[in-house]
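In what follows, a single structure is set out as C-alpha coordinates and then discussed.
The values are calculated or read from the model by the stated rules, or taken from the named source; none is laboratory data. Everything numeric here is computed off the predicted structure, so don't read it as measured data. Every residue, glycine among them, receives a Cβ derived from its backbone with ideal geometry; neighbour counts consider all protein chains shown. Only protein heavy atoms, including side chains, enter the accessible area calculation; ligands, DNA and RNA are left aside. Shrake-Rupley method; radii C 1.70, N 1.55, O 1.52, S 1.80 Å.
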Amino acid sequence: VNVRTASLLRELSTAPARVAELVAPFIDAVVERIDLELLVDRLPIEKLVDRLPIEQIIERVDINALLARIDMDVLAQRVIEAVDIPAIVRSSTRSMVGDGADAVRAQTAALDEGAARSFDRILRRRGPRDVAMGSA
Amino acid sequence: VNAVATDGRQARAVRLQGTRAGVVSRLLAALVDAALVFLVYVIALWAVAIVRALGTEHHVHQPQPDRWVTVVVLVAIAVAYLTAAWSASGRTPGDQLFGLRVVTLKGTSGLSGRRALARGVLCATLGWLGLVWLVGSRRNLALHDRWCGTAVVYEWIAVEP
(Lines give C-alpha, C1' and ligand atoms only; values in the text may rest on other atoms or scores of the structure.)
Protein backbone atom coordinates (compact mmCIF):
# COMPACT_ATOMS: atom_id res chain seq x y z
CA VAL A 1 0.00 0.00 0.00
CA ASN A 2 2.73 2.34 1.05
CA VAL A 3 4.62 1.76 -2.15
CA ARG A 4 1.55 2.46 -4.32
CA THR A 5 0.73 5.61 -2.38
CA ALA A 6 4.26 6.83 -2.79
CA SER A 7 4.27 6.31 -6.56
CA LEU A 8 0.86 7.97 -6.85
CA LEU A 9 2.11 10.98 -4.94
CA ARG A 10 5.15 11.13 -7.23
CA GLU A 11 2.95 11.11 -10.30
CA LEU A 12 0.73 13.78 -8.83
CA SER A 13 3.71 16.04 -8.12
CA THR A 14 4.76 15.95 -11.79
CA ALA A 15 1.21 16.50 -13.00
CA PRO A 16 1.35 20.32 -13.34
CA ALA A 17 4.45 20.11 -15.48
CA ARG A 18 2.82 17.56 -17.73
CA VAL A 19 -0.33 19.62 -18.02
CA ALA A 20 1.76 22.65 -18.91
CA GLU A 21 3.56 20.60 -21.57
CA LEU A 22 0.25 19.60 -23.03
CA VAL A 23 -1.30 23.08 -22.91
CA ALA A 24 1.72 25.10 -24.06
CA PRO A 25 1.26 24.49 -27.82
CA PHE A 26 -2.36 25.62 -27.58
CA ILE A 27 -1.40 28.82 -25.77
CA ASP A 28 1.32 29.49 -28.31
CA ALA A 29 -1.20 29.05 -31.09
CA VAL A 30 -3.62 31.45 -29.39
CA VAL A 31 -0.93 34.07 -28.77
CA GLU A 32 0.17 33.82 -32.37
CA ARG A 33 -3.34 34.62 -33.48
CA ILE A 34 -3.71 37.69 -31.32
CA ASP A 35 -3.20 40.90 -33.29
CA LEU A 36 -0.81 42.73 -30.99
CA GLU A 37 -1.26 46.04 -32.74
CA LEU A 38 -4.96 45.87 -32.19
CA LEU A 39 -4.33 45.11 -28.56
CA VAL A 40 -2.00 48.05 -28.19
CA ASP A 41 -4.52 50.27 -29.92
CA ARG A 42 -7.08 49.28 -27.38
CA LEU A 43 -4.86 50.04 -24.43
CA PRO A 44 -5.43 53.46 -22.94
CA ILE A 45 -1.71 54.26 -23.11
CA GLU A 46 -2.05 57.92 -22.20
CA LYS A 47 -3.93 57.02 -19.06
CA LEU A 48 -1.28 54.47 -18.19
CA VAL A 49 1.47 57.03 -18.68
CA ASP A 50 -0.48 59.50 -16.57
CA ARG A 51 -0.50 56.98 -13.83
CA LEU A 52 3.25 56.47 -13.90
CA PRO A 53 4.93 58.33 -11.07
CA ILE A 54 7.44 60.00 -13.40
CA GLU A 55 8.35 62.66 -10.86
CA GLN A 56 9.26 60.01 -8.37
CA ILE A 57 11.26 58.08 -10.93
CA ILE A 58 13.24 61.17 -11.82
CA GLU A 59 13.77 61.94 -8.15
CA ARG A 60 15.26 58.52 -7.72
CA VAL A 61 17.77 58.97 -10.52
CA ASP A 62 21.00 60.41 -9.21
CA ILE A 63 21.82 62.88 -11.95
CA ASN A 64 25.11 63.80 -10.38
CA ALA A 65 26.17 60.18 -10.47
CA LEU A 66 25.07 60.05 -14.09
CA LEU A 67 27.06 63.15 -14.95
CA ALA A 68 30.06 61.84 -13.07
CA ARG A 69 30.08 58.91 -15.45
CA ILE A 70 30.33 61.18 -18.50
CA ASP A 71 33.84 62.29 -19.39
CA MET A 72 33.15 65.99 -19.88
CA ASP A 73 36.57 66.75 -21.32
CA VAL A 74 36.14 64.17 -24.05
CA LEU A 75 32.59 65.31 -24.70
CA ALA A 76 33.60 68.97 -24.99
CA GLN A 77 36.50 68.01 -27.24
CA ARG A 78 34.16 66.09 -29.52
CA VAL A 79 31.67 68.94 -29.71
CA ILE A 80 34.43 71.42 -30.58
CA GLU A 81 35.80 69.03 -33.19
CA ALA A 82 32.36 68.60 -34.72
CA VAL A 83 31.68 72.35 -34.87
CA ASP A 84 34.18 74.17 -37.09
CA ILE A 85 34.27 77.39 -35.07
CA PRO A 86 36.97 79.16 -37.12
CA ALA A 87 34.90 78.56 -40.26
CA ILE A 88 31.84 80.06 -38.59
CA VAL A 89 33.81 83.11 -37.48
CA ARG A 90 35.33 83.44 -40.95
CA SER A 91 32.06 83.16 -42.81
CA SER A 92 30.17 85.50 -40.49
CA THR A 93 32.80 88.25 -40.56
CA ARG A 94 33.28 87.85 -44.29
CA SER A 95 29.57 88.12 -44.97
CA MET A 96 29.25 91.14 -42.66
CA VAL A 97 32.07 93.05 -44.35
CA GLY A 98 31.68 91.48 -47.77
CA ASP A 99 27.95 91.72 -48.36
CA GLY A 100 27.82 95.50 -48.06
CA ALA A 101 30.82 96.07 -50.34
CA ASP A 102 29.59 93.49 -52.88
CA ALA A 103 26.17 95.13 -52.95
CA VAL A 104 27.81 98.50 -53.71
CA ARG A 105 29.94 96.90 -56.45
CA ALA A 106 26.97 95.21 -58.08
CA GLN A 107 25.06 98.50 -57.87
CA THR A 108 27.79 100.55 -59.56
CA ALA A 109 28.21 97.82 -62.20
CA ALA A 110 24.49 98.12 -62.94
CA LEU A 111 24.92 101.90 -63.21
CA ASP A 112 27.81 101.30 -65.64
CA GLU A 113 25.52 99.29 -67.89
CA GLY A 114 22.76 101.87 -67.62
CA ALA A 115 25.14 104.73 -68.44
CA ALA A 116 26.57 102.80 -71.42
CA ARG A 117 23.06 102.18 -72.76
CA SER A 118 22.13 105.85 -72.40
CA PHE A 119 25.28 107.11 -74.12
CA ASP A 120 24.93 104.53 -76.90
CA ARG A 121 21.37 105.68 -77.51
CA ILE A 122 22.54 109.31 -77.73
CA LEU A 123 25.29 108.19 -80.15
CA ARG A 124 22.64 106.22 -82.10
CA ARG A 125 24.42 102.93 -81.67
CA ARG A 126 22.73 99.56 -81.63
CA GLY A 127 23.47 96.40 -79.69
CA PRO A 128 25.27 95.96 -76.42
CA ARG A 129 28.87 96.97 -75.83
CA ASP A 130 31.63 94.44 -76.40
CA VAL A 131 33.01 94.04 -72.90
CA ALA A 132 34.21 90.42 -72.86
CA MET A 133 37.96 90.03 -72.41
CA GLY A 134 39.75 88.20 -75.18
CA SER A 135 37.66 89.97 -77.80
CA ALA A 136 39.48 93.29 -77.62
CA VAL B 1 11.42 84.87 -52.63
CA ASN B 2 14.28 86.76 -51.01
CA ALA B 3 16.64 83.83 -51.52
CA VAL B 4 15.68 83.62 -55.19
CA ALA B 5 16.28 87.35 -55.66
CA THR B 6 19.66 87.05 -53.94
CA ASP B 7 20.57 84.09 -56.18
CA GLY B 8 19.62 86.08 -59.26
CA ARG B 9 21.73 89.03 -58.17
CA GLN B 10 24.61 86.69 -57.35
CA ALA B 11 24.38 85.05 -60.78
CA ARG B 12 24.40 88.48 -62.44
CA ALA B 13 27.44 89.52 -60.39
CA VAL B 14 29.26 86.30 -61.31
CA ARG B 15 28.53 86.88 -65.03
CA LEU B 16 30.06 90.36 -64.79
CA GLN B 17 33.38 89.11 -63.42
CA GLY B 18 36.22 89.49 -65.89
CA THR B 19 34.30 91.80 -68.25
CA ARG B 20 35.47 95.35 -68.90
CA ALA B 21 34.06 97.85 -66.44
CA GLY B 22 32.05 100.94 -67.34
CA VAL B 23 32.45 104.60 -66.59
CA VAL B 24 30.56 104.92 -63.29
CA SER B 25 32.61 102.38 -61.34
CA ARG B 26 35.83 103.70 -62.80
CA LEU B 27 34.95 107.33 -62.13
CA LEU B 28 34.00 106.58 -58.51
CA ALA B 29 37.18 104.55 -57.99
CA ALA B 30 39.20 107.42 -59.47
CA LEU B 31 37.50 109.88 -57.10
CA VAL B 32 38.39 107.71 -54.09
CA ASP B 33 42.00 107.50 -55.27
CA ALA B 34 42.11 111.24 -55.94
CA ALA B 35 40.86 111.88 -52.40
CA LEU B 36 43.52 109.56 -50.97
CA VAL B 37 46.27 111.25 -53.01
CA PHE B 38 45.07 114.64 -51.78
CA LEU B 39 45.08 113.36 -48.20
CA VAL B 40 48.67 112.17 -48.59
CA TYR B 41 49.58 115.59 -50.01
CA VAL B 42 48.01 117.48 -47.09
CA ILE B 43 49.74 115.23 -44.56
CA ALA B 44 53.06 115.72 -46.35
CA LEU B 45 52.53 119.48 -46.40
CA TRP B 46 51.92 119.64 -42.67
CA ALA B 47 54.83 117.30 -41.97
CA VAL B 48 57.16 119.62 -43.89
CA ALA B 49 55.74 122.68 -42.08
CA ILE B 50 56.25 121.05 -38.67
CA VAL B 51 59.78 119.91 -39.45
CA ARG B 52 60.65 123.42 -40.69
CA ALA B 53 59.33 125.02 -37.51
CA LEU B 54 61.17 122.57 -35.23
CA GLY B 55 64.56 124.29 -35.28
CA THR B 56 63.15 127.81 -35.08
CA GLU B 57 61.22 129.99 -32.69
CA HIS B 58 58.30 130.26 -35.15
CA HIS B 59 54.95 128.64 -34.65
CA VAL B 60 53.69 126.12 -37.15
CA HIS B 61 51.66 128.05 -39.74
CA GLN B 62 49.18 126.61 -42.14
CA PRO B 63 51.32 125.79 -45.18
CA GLN B 64 50.50 127.85 -48.28
CA PRO B 65 52.62 126.58 -51.14
CA ASP B 66 52.66 128.09 -54.62
CA ARG B 67 50.14 126.74 -57.03
CA TRP B 68 52.75 125.16 -59.31
CA VAL B 69 54.27 123.36 -56.29
CA THR B 70 50.87 121.96 -55.42
CA VAL B 71 50.30 120.72 -58.97
CA VAL B 72 53.74 119.17 -59.35
CA VAL B 73 53.69 117.46 -55.94
CA LEU B 74 50.13 116.18 -56.42
CA VAL B 75 50.99 114.71 -59.81
CA ALA B 76 54.17 113.15 -58.39
CA ILE B 77 52.29 111.54 -55.50
CA ALA B 78 49.56 110.32 -57.85
CA VAL B 79 52.07 108.79 -60.28
CA ALA B 80 53.90 106.99 -57.48
CA TYR B 81 50.63 105.79 -55.92
CA LEU B 82 49.14 104.51 -59.19
CA THR B 83 52.35 102.91 -60.46
CA ALA B 84 52.94 101.07 -57.17
CA ALA B 85 49.35 99.79 -56.98
CA TRP B 86 49.05 98.67 -60.61
CA SER B 87 52.40 96.95 -60.82
CA ALA B 88 51.79 95.11 -57.54
CA SER B 89 48.18 93.92 -57.31
CA GLY B 90 46.67 95.69 -60.30
CA ARG B 91 44.26 97.56 -58.04
CA THR B 92 44.42 100.85 -56.18
CA PRO B 93 42.36 101.23 -52.97
CA GLY B 94 39.65 102.84 -55.11
CA ASP B 95 39.68 99.89 -57.53
CA GLN B 96 39.51 97.54 -54.57
CA LEU B 97 36.47 99.33 -53.16
CA PHE B 98 34.54 99.03 -56.42
CA GLY B 99 35.81 95.55 -57.31
CA LEU B 100 37.98 96.58 -60.28
CA ARG B 101 41.35 95.38 -61.49
CA VAL B 102 43.70 96.79 -64.12
CA VAL B 103 44.94 94.06 -66.45
CA THR B 104 46.74 93.88 -69.79
CA LEU B 105 44.59 93.49 -72.90
CA LYS B 106 45.43 89.79 -72.79
CA GLY B 107 43.91 89.67 -69.32
CA THR B 108 47.03 89.09 -67.26
CA SER B 109 47.03 90.97 -63.97
CA GLY B 110 50.02 92.75 -62.50
CA LEU B 111 51.33 95.26 -65.04
CA SER B 112 55.05 95.53 -65.75
CA GLY B 113 56.74 98.46 -64.03
CA ARG B 114 57.12 100.39 -67.29
CA ARG B 115 53.52 99.89 -68.37
CA ALA B 116 52.26 100.81 -64.90
CA LEU B 117 54.41 103.96 -64.87
CA ALA B 118 53.22 105.01 -68.33
CA ARG B 119 49.61 104.47 -67.35
CA GLY B 120 50.17 106.28 -64.04
CA VAL B 121 51.63 109.36 -65.80
CA LEU B 122 48.77 109.41 -68.33
CA CYS B 123 46.11 109.01 -65.66
CA ALA B 124 47.61 111.59 -63.32
CA THR B 125 47.75 114.17 -66.13
CA LEU B 126 45.00 113.31 -68.64
CA GLY B 127 42.90 110.99 -66.49
CA TRP B 128 39.63 112.87 -66.94
CA LEU B 129 39.99 113.09 -70.67
CA GLY B 130 40.73 109.37 -70.76
CA LEU B 131 37.51 108.59 -68.90
CA VAL B 132 35.51 110.83 -71.23
CA TRP B 133 36.87 108.70 -74.08
CA LEU B 134 35.60 105.64 -72.21
CA VAL B 135 32.04 107.00 -72.37
CA GLY B 136 32.10 106.71 -76.15
CA SER B 137 34.17 103.53 -76.40
CA ARG B 138 32.24 100.50 -77.63
CA ARG B 139 34.76 98.26 -75.90
CA ASN B 140 34.84 100.18 -72.61
CA LEU B 141 38.45 101.24 -73.10
CA ALA B 142 39.70 104.62 -71.84
CA LEU B 143 42.25 106.64 -73.78
CA HIS B 144 45.04 105.54 -71.43
CA ASP B 145 43.90 101.91 -71.88
CA ARG B 146 44.29 102.21 -75.66
CA TRP B 147 47.73 103.79 -75.38
CA CYS B 148 49.05 101.39 -72.72
CA GLY B 149 47.40 98.19 -73.89
CA THR B 150 45.43 97.77 -70.68
CA ALA B 151 41.84 97.23 -69.61
CA VAL B 152 39.90 97.51 -66.35
CA VAL B 153 37.77 94.51 -65.45
CA TYR B 154 35.28 93.72 -62.72
CA GLU B 155 36.86 91.31 -60.31
CA TRP B 156 35.41 91.07 -56.83
CA ILE B 157 34.32 87.43 -56.83
CA ALA B 158 36.88 84.68 -57.36
CA VAL B 159 35.46 82.81 -60.38
CA GLU B 160 36.93 79.49 -61.46
CA PRO B 161 38.43 79.87 -64.96
Mind listing whichever residues of region B:127-144 are within 9 Å of another protein chain (Cβ to nearest Cβ), in contact (Cβ under 8 Å) with a residue 12 or more places away in the chain and not polar (S, T, N, Q)?
-> B:Val135, B:Arg139, B:Leu141
Residue list for region B:31-43, filter: of a type outside the set (Asp, Glu) and open to solvent by less than 30 Å² (accessible area, probe 1.4 Å) = B:Val37, B:Tyr41
Does B:Ser137 count as within 29 Å of B:Gln10 (Cβ to Cβ), open to solvent by 50 Å² or more (accessible area, probe 1.4 Å) and over 13 Å from the mean Cα position of the chain (by Cα)?
-> no
Would you point out which residue out of A:Ala106, A:Ala82 is surrounded by 10 or more Cβ atoms within 10 Å (Cβ to Cβ) and of a type in the set (Gly, Ala, Ser)?
-> A:Ala106
Pairs under 6 Å by beta carbon, first residue closer than 14 Å to B:Leu74 by Cα in region B:40-64, partner surrounded by 11 or more Cβ atoms within 10 Å (Cβ to Cβ) and not hydrophobic (A, V, I, L, M, F, W, C), six or more apart or different chains?
-> B:Leu45/B:Pro63
Scan region B:11-26 for residues that are within 9 Å of chain A (Cβ to nearest Cβ) and surrounded by fewer than 18 Cβ atoms within 10 Å (Cβ to Cβ) and jot them down.
-> B:Arg12
Restricted to region B:2-61, and to residues that are acidic (Asp, Glu) and assigned to a helix (DSSP H, G or I), which residue is nearest to the chain's Cα centre (by Cα)?
-> B:Asp33
Working only within region A:114-128, note down all residues that are at the interface with another protein chain (Cβ under 7 Å from one of its Cβ atoms) and surrounded by 16 or more Cβ atoms within 10 Å (Cβ to Cβ).
-> A:Ala115, A:Ala116, A:Phe119
When every residue in region B:87-126 that is more than 14 Å from every other protein chain (Cβ to nearest Cβ) and crowded, with 20+ Cβ neighbours inside 10 Å is compared, the one nearest to A:Ala101 (Cα to Cα) is B:Thr92
Quick one: in region A:104-113, which of the residues that are more than 7 Å from chain B (Cβ to nearest Cβ) and not polar (S, T, N, Q) is nearest to B:Ile157 (Cα to Cα)?
-> A:Val104
